Structure formats: C-alpha cells, structure tokens
1. Give me a count of the residues in segment 95-119 that are touching a residue at least 40 places away in the same chain (Cβ under 8 Å) and either farther than 18 Å from Val72 by Cα or not acidic (Asp, Glu) (or both).
2. Might you let me know whether segment 88-97 holds any residue that is crowded, with 19+ Cβ neighbours inside 10 Å, closer than 21 Å to Val5 by Cβ, at pLDDT below 95 and not hydroxyl-bearing (Ser, Thr, Tyr)?
3. Output the residues belonging to segment 1-45 that are crowded, with 17+ Cβ neighbours inside 10 Å and polar (S, T, N, Q).
4. Looking only at segment 131-146, count every residue that is without any contact (Cβ under 8 Å) to a residue 24 or more places away in the chain and assigned to a loop (DSSP other than H, G, I, E, B) and tell me the total.
5. Quick one: which of Val80, Val58, Val92, Val69 is out of contact with any Cys (no Cβ under 6 Å at 6 or more places or on another chain), touching a residue at least 24 places away in the same chain (Cβ under 8 Å), under 13 Å from Val132 (Cβ atoms) and of a type in the set (A, V, I, L, M, F, W, C)?
6. Of all residues in segment 31-48 being assigned to a helix (DSSP H, G or I) and in contact (Cβ under 8 Å) with a residue 60 or more places away in the chain, which is nearest to Arg16 (Cα to Cα)?
7. Surrounded by 23 or more Cβ atoms within 10 Å (Cβ to Cβ), of a type outside the set (Gly, Ala, Ser) and in contact with a Pro (Cβ under 6 Å, 6 or more places away or on another chain) - does that describe any residue in segment 111-119?
8. Might you check whether a residue that is farther than 23 Å from Asp28 by Cβ, part of a loop (DSSP other than H, G, I, E, B) and over 15 Å from the mean Cα position of the chain (by Cα) occurs anywhere in segment 66-79?
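The values are calculated or read from the model by the stated rules, or taken from the named source; none is laboratory data. Just so it is clear, the model here is predicted, and its values are computed rather than measured. We place every Cβ from the backbone using ideal geometry, glycine too, and count neighbours over all the protein chains shown.
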Amino acid sequence: MTIQVGDTVPEGMLMRMTAEGPAPITTDELFSGKKVVLFAVPGAFTPTCSAKHVPSYVSNAEALSAKGVDTVACLSVNDVFVMGAWGKDQGVGDKVMMLADGAGDYTAKLGLELDLSARGLGKRATRFAMVVDNGKVSHLAVEENPGEMSVSGAEAVLGNL
C-alpha cells in the first residue's frame with residue numbers, strides 16, 4: 001500500500017556517507033521534530049536524475065530553508081558508496097543529504113517501488129517528492145512517468161509549502 005498524505009512515515013534504517021565513512025541513519029533521526037523534503041530517484045548517475053532532479057534541489061536549497069525546511073534528502077535504491085560518489089559529482093555539499101536504501105526495503109515500506117527488471121535495473125524507487133512534518137506526510141507528489149520530472153522537482157515542492 002502506498003503511503004498517503006496524513007500518514008506517519010514507517011520506521012526504517014538508511015545509510016549515508018560521512019567524512020568518517022558509511023553511517024546508518026534511522027528514520028526517527030531523519031524526521032523527528034523536523035520538516036524534511038524527501039525526494040527519490042530511480043537511480044544515481046541516470047540522465048533525468050543527474051541533469052534535472054538533484055540540481056533542482058541544490059539550486060533551491062536556500063529557498064526551501066526559507067520556507068521552514070530543515071533537511072532536504074535524496075533517496076535512491078543504490079549502495080552508500082554510489083550515493084556518496086554521486087553527491088560529490090553533483091556538488092550537493094550540505095544542501096542535500098544523499099540516502100542509500102541499498103536493498104530497497106524502505107522504498108518498499110513506502111509502497112513507492114518501481115520494477116525496472118526488464119531494463120536490467122531491478123526494483124528501484126519511483127520518482128517522487130514528499131514533505132514530512134515531524135514524521136507525518138503533509139505533501140506527496142509521485143511522477144506518472146518516472147523518466148520525467150514535473151511534480152517532484154524542487155520548484156514544484158516550493159509551490160506546495
């Protein structure tokens with residue numbers, strides 16, 4: 001079942017790259033007491049994700065912060081090393097937290113999986129963006145076509161804050 005506006009986000013564990021190396025982060029640490037924009041992409045280093053999606057959040061980080069967003073996080077079903085390297089490649093710095101959902105467990109809990117097995121990519125996250133206020137979803141936008149970015153980019157999310 002897909003998560004909906006008004007739902008509490010499920011508990012889970014994700015990974016992120018830190019200066020000390022890979023580190024786990026619980027969803028409680030990520031969402032508790034904060035306003036978080038969590039956006040997901042089907043894959044690191046893929047065309048739409050690299051050319052449009054992540055850059056939209058990097059360039060709008062200050063505007064999101066001005067609207068009360070504490071954290072912007074990018075989720076992908078990739079390993080923590082890939083997400084760390086992609087974050088460096090994209091120049092996210094401290095503007096976007098790059099989160100790895102290595103086995104896709106958290107994405108499955110959200111009900112936002114995309115099966116790209118026919119393309120040799122396995123199960124991934126579909127392209128979406130959500131605003132989470134202290135653990136509750138206040139906005140959710142899921143792309144009808146995961147190869148496009150119309151409702152899940154930073155500009156669209158800003159319009160819903």
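1. So the answer is 15.
2. The answer is no; no qualifying residue exists.
3. Thr27
4. Residues flagged as without any contact (Cβ under 8 Å) to a residue 24 or more places away in the chain and assigned to a loop (DSSP other than H, G, I, E, B) within segment 131-146 amount to 3.
5. Val69
6. It comes out as Phe31.
7. no
8. Looking through segment 66-79, at least one residue is farther than 23 Å from Asp28 by Cβ, part of a loop (DSSP other than H, G, I, E, B) and over 15 Å from the mean Cα position of the chain (by Cα).
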